[in-house]
Amino acid sequence: MSKRKTLGFGLGLRNEYYRQILEERPAVDWFEIISENYLVEGGKALYFLDAIGEHYPLVMHGVSLSIGGSHALDIDYLRQLKQLADRVQPQWVSDHLCWSRGNAHQLHDLLPLPFTKESLLHVAARVRLVQDVLERPIVLENVSSYVQWTTSSMSESQFLSELSYLTGCELLLDVNNVYVSSRNQGFDPWQFITELPQERIRQIHLAGHSDYGQYLIDTHDQPIADPVWSLYSKTLSYLGPTSTLIERDDQFPPLEELLSELAHARAIAKSVISGATP
């Protein structure tokens, strides 16, 4: 069981809640920002970011790195990330294990990689470059997926493990993504989680999805489903206390509903950890 320091229980920072957060100071331990929303020179977004950052720890979470792409890494983008990190002083900076652009165009989707030795060495070299520019380890998240490459020679969890050992990067375990992908592809979600190295997992994501019967879509616009809560509970029994964040990206409910989900995550963690064998 990991003994890593935890930030506690956080929410994704969205502009729908800026004013309420500042006015009410809800019982949230930390907030995670979408990095790309703040790569600007000024304006309302940065004003609220600075104001909220005075009261809460922050984490940066990106969606445009495309760490697995065949294109050259966007050094200007990385320098902007570094500048934002210098301003925000985040606890860590994360993105996704995926590719999301061609040579010229951002596809605005998080697409899975072929999990091969060749791909591993390619991604590892890019991770090292990113970490050199940012001057810190990057934290990479498993994405939800709906298809897989027939050329893959290892599982996604094995790939992530090898990548973390090769580069020193850390891992963001999205429990909902594991569940969504396991339903879509027919693998064992618990085996996926236990193949990851406990000591490399920096953070957990929880979110909602849409169930279409034969497949699930990772929509982030629904409450967290019961099977995901159950998998989260089991995950904590494996990892121990781990910084946990709830994401919501559409059909935004009143903030109180997200705080209720956060309280449920706290209660699960308290129950699991208190019952764990020292």
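The values are calculated or read from the model by the stated rules, or taken from the named source; none is laboratory data. Just so it is clear, the model here is predicted, and its values are computed rather than measured. No Cβ is skipped: glycine too gets one built from the backbone with ideal geometry, and neighbour counts run over all protein chains shown. The area values use the complete protein model at the heavy-atom level, side chains included, leaving out ligands, DNA and RNA. Shrake-Rupley method; radii C 1.70, N 1.55, O 1.52, S 1.80 Å.
Rundown of residues vs (1) farther than 20 Å from residue 33 by Cα; (2) touching a Leu at 6+ places or on another chain (Cβ under 9 Å), yes/no style:
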position: 80; (1), (2): no, yes
position: 127; (1), (2): yes, yes
position: 130; (1), (2): no, yes
position: 134; (1), (2): no, yes
position: 140; (1), (2): no, yes
position: 150; (1), (2): yes, no
position: 156; (1), (2): yes, yes
position: 170; (1), (2): no, yes
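Looking at the structure I just gave you, is residue 192 of a type outside the set (S, T, N, Q), in contact with a helix residue (DSSP H, G or I) (Cβ under 8 Å, 6 or more places away or on another chain) and either surrounded by 17 or more Cβ atoms within 10 Å (Cβ to Cβ) or in a helix (DSSP H, G or I) (or both)?
It is true that residue 192 is of a type outside the set (S, T, N, Q), in contact with a helix residue (DSSP H, G or I) (Cβ under 8 Å, 6 or more places away or on another chain) and either surrounded by 17 or more Cβ atoms within 10 Å (Cβ to Cβ) or in a helix (DSSP H, G or I) (or both).
Are any residues in the range 115-137 within 14 Å of residue 81 (Cβ to Cβ), open to solvent by 20 Å² or more (accessible area, probe 1.4 Å) and not charged (D, E, K, R), and if so, which ones?
Scanning the range 115-137 gives 129, 131, 133, 137.
Pairs please, first residue from the range 174-196 and more than 16 Å from residue 212 (Cα to Cα), second anywhere and among the aromatic types (Phe, Trp, Tyr), Cβ atoms under 6 Å, 6+ apart in sequence or on different chains.
From the range 174-196, the pairs are 175/232; 178/192; 189/179.
Just the residues that are open to solvent by 60 Å² or more (accessible area, probe 1.4 Å) and under 26 Å from residue 13 (Cβ atoms), please, taken from the range 203-225.
222, 223
Any residue in the range 178-188 that is of a type in the set (D, E, K, R), under 18 Å from residue 230 (Cα atoms) and open to solvent by less than 40 Å² (accessible area, probe 1.4 Å)?
Looking through the range 178-188, none of the residues is of a type in the set (D, E, K, R), under 18 Å from residue 230 (Cα atoms) and open to solvent by less than 40 Å² (accessible area, probe 1.4 Å).
Between a residue in the range 248-264 that is touching a residue at least 24 places away in the same chain (Cβ under 8 Å) and open to solvent by less than 70 Å² (accessible area, probe 1.4 Å) and any residue that is polar (S, T, N, Q) and part of a helix (DSSP H, G or I), which pairs come within a Cβ distance under 6 Å, given they are 6 or more apart or on different chains?
From the range 248-264, the pairs are 255/20.
When you scan the range 178-218, how many residues do you find that are closer than 20 Å to residue 150 by Cα and under 18 Å from the mean Cα position of the chain (by Cα)?
Within the range 178-218, residues that are closer than 20 Å to residue 150 by Cα and under 18 Å from the mean Cα position of the chain (by Cα) number 6.
Looking at the range 222-247, which of its residues are within 21 Å of residue 94 (Cβ to Cβ), in contact with an Asp or Glu (Cβ under 7 Å, 6 or more places away or on another chain) and assigned to a loop (DSSP other than H, G, I, E, B)?
If the condition is that a residue be within 21 Å of residue 94 (Cβ to Cβ), in contact with an Asp or Glu (Cβ under 7 Å, 6 or more places away or on another chain) and assigned to a loop (DSSP other than H, G, I, E, B), then 224 is the only one that fits.
Tell me the strands (runs of 3 or more DSSP E) entirely within the range 7-69 that contain at least 2 residues that are more than 29 Å from residue 123 (Cβ to Cβ) and at pLDDT 95 or above.
Filter on the range 7-69 gives 9-12.
Restricted to the range 86-111, and to residues that are outside any strand (DSSP E or B) and surrounded by 12 or more Cβ atoms within 10 Å (Cβ to Cβ), which residue is modelled with the lowest pLDDT?
102
Within the range 18-61, how many residues are open to solvent by 10 Å² or more (accessible area, probe 1.4 Å), hydroxyl-bearing (Ser, Thr, Tyr) and under 20 Å from the mean Cα position of the chain (by Cα)?
So the count comes out to 1.
Looking at (1) part of a helix (DSSP H, G or I); (2) open to solvent by less than 60 Å² (accessible area, probe 1.4 Å); (3) farther than 23 Å from residue 27 by Cα; (4) not hydroxyl-bearing (Ser, Thr, Tyr), can you tell me which one residue 273 breaks?
Every condition holds for residue 273 apart from (3).
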